[in-house]
Amino acid sequence: MTVTTEGGPPVGEDRTRLVVGVGGRAGVSVAEVCALVEETLRGAGLAPEAVTALATVDSKTGEPGLAGAAERFGVPLVGYPADRLAAVDVPDPSETVRSAAGTPSVAEAAALAAGGELLVPKRRSVSATCAVATAQDHDLRHHGDAEVIDAGSGLVDLAVNVRTQTPPEWLRQRIAGSLGDLAAYPDGRAARAAVAARHGLPVERVLLTAGAAEAFVLIARALDAVRPVVVHPQFTEPEAALRDAGHRVERVVLRAEDGFRLDPEQVPQDADLVVIGNPTNPTSVLHPAATLAALARPGRILVVDEAFMDAVPGEREALAGRTDLPGLVVLRSLTKTWGLAGLRIGYVLAEPAVVAKLAAAQPLWPVSTPALVAAEACVAPAALAEAEEAARRIAVDRAHLLAGLAEFDEVEVAGVAEGPFVLIRVARAAEVRTRLRALGFAVRRGDTFPGLDRSWLRLAVRDRATTGRLLQALDRALTLTSR
């Protein structure tokens, strides 16, 4: 697990963002660490303002000299477990350092741990070391639709997680029937009551939104978080909204080696806003409800994004409808299962006081009449039964996809997939993705998600026939890439 902090003054787009790995003996001074870092940057022609973080091994994050240097530079001090740093290839390993710190090079490994490239190898002073690497700058505004927009109709879309052949005809008709009411201002009372009844809640606990994306913006602007934490890898819009609202966002980064599973102890105790997806996009991991419930406490807002929960048979591990957890905020989206991404409809389930704060930050009439009609229709008993049947088909189709992927030695699936998509790791993934595109398949790049690098791709689950064609194309792409 890694905790990092994002935010602060923006770095110019033409300037390389930097991470400085630092190490130091016990008692090293702030002045010595700063002098070494400044001299190293100056010697390489690098600007101190481009430094986004100092990084070190976990056991050194409490060292006053290192913490004080990070404070003086105005950046966070990032800590990594020794075993993670030990797995990073470094140009200047030391067995002495390995014995003392558990990794052969604190400075170089810490600089490289986030996935950048080493610019300056290890430099030493009497009691400190440092190294400089580029910072991996994730594009938080990149989404799957970018893979297929402007691509014409030739590509099979495996990049967007909206269910195919949606919206169904009965829903199209319901939405079309609402068009005669467009002259009147939207009235959300019936839809709100329907959502509340669907989850067994009073209407005061429901807020309708223009998709989950609007909910993230409202949370970022209205809830006055002091120490927000986002658990990654996950949907990037929550962090983007928080940063846009001026927050410094801390990241808890889950590891592929752990199956992208969360231990509640990884989240800082004093975090007053925690955001996590379940099942999580893009890892497809379904966290146990008990694990997420353990994060709830008085004085903390716990945001659980359940946008894909209705794609899980029985919605097991869902927290929607719970009223016993303090500060719980559950987000739901109706766009994925019902194919309504262009209509923008979702909702928030939370304590009445939280709902009131979020509602006060909304503009007037934020949800259109057709979207309100769709919301009411999609939470009706017949629609819920249809969604459950779709979830069971997705589970069968996902098992077929996973079985096919298991035939490739080059492909790794990390974690246990429970959502309508699968995350895979493959060497030279960017080239594989390009070749798949040439063969007619659009897949989602993974390197825009914090915690992932260029070796990851996300595949939407589709029917068996489509998956069969994908697997054939993947075999061809891997063969061409290996030449």
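Residue-by-condition table, conditions (1) closer than 25 Å to residue 379 by Cβ; (2) over 14 Å from the mean Cα position of the chain (by Cα); (3) not hydroxyl-bearing (Ser, Thr, Tyr):
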{"residue": "180", "(1), (2), (3)": "yes, yes, yes"}
{"residue": "184", "(1), (2), (3)": "yes, yes, yes"}
{"residue": "237", "(1), (2), (3)": "yes, no, yes"}
{"residue": "252", "(1), (2), (3)": "no, no, yes"}
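Pairs linking a residue in the stretch 265-289 that is β-branched (Val, Ile, Thr) to a residue that is part of a loop (DSSP other than H, G, I, E, B) and open to solvent by 10 Å² or more (accessible area, probe 1.4 Å), with Cβ atoms under 6 Å and 6 or more positions apart or on different chains, are 283/415; 285/415.
Show the residue pairs that are 6+ apart or on different chains and have beta-carbon atoms under 7 Å apart, the first residue being within the stretch 460-483 and under 16 Å from residue 409 (Cα atoms), the second being open to solvent by 80 Å² or more (accessible area, probe 1.4 Å). Hits for this filter: 478/410; 481/428. Among the residues making up the stretch 324-343, those that are under 30 Å from residue 462 (Cβ atoms) and surrounded by fewer than 20 Cβ atoms within 10 Å (Cβ to Cβ) are 339, 341, 342. Residues in the stretch 399-455 that are within 23 Å of residue 465 (Cβ to Cβ) and polar (S, T, N, Q): none.
Picking from residues in the stretch 195-224 that are over 18 Å from residue 366 (Cβ atoms), at pLDDT 90 or above and assigned to a loop (DSSP other than H, G, I, E, B), the one that is least open to solvent (accessible area, probe 1.4 Å) is 201. If a residue must be within 18 Å of residue 79 (Cα to Cα), part of a loop (DSSP other than H, G, I, E, B) and without any contact (Cβ under 8 Å) to a residue 40 or more places away in the chain, how many such residues does the stretch 242-264 contain? Matching residues across the stretch 242-264 total 1. Scanning the stretch 59-70 for residues that are out of contact with any strand residue (DSSP E or B) (no Cβ under 8 Å at 6 or more places or on another chain) and modelled with pLDDT of 90 or more turns up 64, 68.
Taken residue by residue, the stretch 343-356 has no member that is in contact with a Cys (Cβ under 9 Å, 6 or more places away or on another chain) and either at pLDDT 95 or above or farther than 13 Å from residue 208 by Cβ (or both).
Results for (1) β-branched (Val, Ile, Thr); (2) surrounded by fewer than 18 Cβ atoms within 10 Å (Cβ to Cβ); (3) within 24 Å of residue 316 (Cα to Cα); (4) in contact (Cβ under 8 Å) with a residue 12 or more places away in the chain, shown as yes or no for each residue.
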{"residue": "360", "(1), (2), (3), (4)": "no, yes, no, yes"}
{"residue": "376", "(1), (2), (3), (4)": "no, no, yes, yes"}
{"residue": "394", "(1), (2), (3), (4)": "yes, no, yes, yes"}
{"residue": "405", "(1), (2), (3), (4)": "no, no, no, yes"}
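For (1) surrounded by 18 or more Cβ atoms within 10 Å (Cβ to Cβ); (2) at pLDDT below 75; (3) outside any loop (DSSP other than H, G, I, E, B); (4) within 28 Å of the chain's Cα centre (by Cα), each residue gets a yes or a no:
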position: 129; (1), (2), (3), (4): yes, no, yes, no
position: 139; (1), (2), (3), (4): no, yes, no, yes
position: 145; (1), (2), (3), (4): no, yes, yes, yes
position: 153; (1), (2), (3), (4): no, yes, no, no
position: 157; (1), (2), (3), (4): yes, no, yes, yes
position: 163; (1), (2), (3), (4): yes, yes, no, yes
position: 167; (1), (2), (3), (4): yes, no, no, yes
position: 170; (1), (2), (3), (4): no, no, yes, no
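Filter the stretch 79-106 for residues that are open to solvent by 80 Å² or more (accessible area, probe 1.4 Å), more than 24 Å from residue 266 (Cα to Cα) and part of a helix (DSSP H, G or I); which is modelled with the highest pLDDT? Among those residues, the one meeting the criterion is 95. Of note, residue 192 satisfies the criterion of being of a type in the set (D, E, K, R), farther than 30 Å from residue 466 by Cα and either out of contact with any strand residue (DSSP E or B) (no Cβ under 6 Å at 6 or more places or on another chain) or surrounded by 18 or more Cβ atoms within 10 Å (Cβ to Cβ) (or both). None of 277, 299, 259, 321 is within 30 Å of residue 454 (Cα to Cα) and surrounded by fewer than 20 Cβ atoms within 10 Å (Cβ to Cβ) except 259. Taking the stretch 225-240, which residues are in a helix (DSSP H, G or I) and open to solvent by 10 Å² or more (accessible area, probe 1.4 Å)? Within the stretch 225-240, 237 is the sole residue that qualifies. Annotation: of all residues in the stretch 304-318 being in a helix (DSSP H, G or I) and among the aliphatic types (A, V, I, L, M), the one that is surrounded by the fewest Cβ atoms within 10 Å (Cβ to Cβ) is 311. With respect to (1) open to solvent by 10 Å² or more (accessible area, probe 1.4 Å); (2) part of a helix (DSSP H, G or I), the lone exception for residue 185 is condition (2). Of all residues in the stretch 430-465, those satisfying the criterion of being buried (at least 18 other Cβ atoms within 10 Å of the Cβ) and of a type in the set (Ser, Thr, Tyr) are 448, 455. Once the stretch 107-127 is narrowed to residues that are under 30 Å from the mean Cα position of the chain (by Cα) and in a loop (DSSP other than H, G, I, E, B), the residue that is modelled with the lowest pLDDT is 115.
For every residue, the table says whether it meets (1) under 28 Å from residue 394 (Cα atoms); (2) of a type in the set (Asp, Glu); (3) touching a Ser or Thr at 6+ places or on another chain (Cβ under 8 Å).
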| residue | (1), (2), (3) |
| --- | --- |
| 163 | yes, no, yes |
| 167 | yes, no, no |
| 170 | yes, no, no |
| 181 | no, yes, yes |
| 184 | no, no, yes |
| 188 | no, no, no |
| 191 | yes, no, no |
| 195 | yes, no, no |
| 199 | yes, no, no |
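Can you find a residue that is under 12 Å from the mean Cα position of the chain (by Cα) and in contact (Cβ under 8 Å) with a residue 24 or more places away in the chain anywhere in the stretch 307-325? No, there is no match, as no residue in the stretch 307-325 is under 12 Å from the mean Cα position of the chain (by Cα) and in contact (Cβ under 8 Å) with a residue 24 or more places away in the chain. Counted as qualifying within the stretch 354-468 are the strands (runs of 3 or more DSSP E) with 2 or more residues that are within 19 Å of residue 339 (Cβ to Cβ), namely 441-445, 456-460.
The values are calculated or read from the model by the stated rules, or taken from the named source; none is laboratory data. Nothing here was measured: the structure is a model prediction, and the numbers come from that model. A quick note on method: Cβ atoms are made from the backbone with ideal geometry, for glycine too, and the neighbour counts reach across all protein chains shown. Accessible surface is based on the protein model in full, side chains and every heavy atom, while ligands, DNA and RNA are left aside. Shrake-Rupley method; radii C 1.70, N 1.55, O 1.52, S 1.80 Å.
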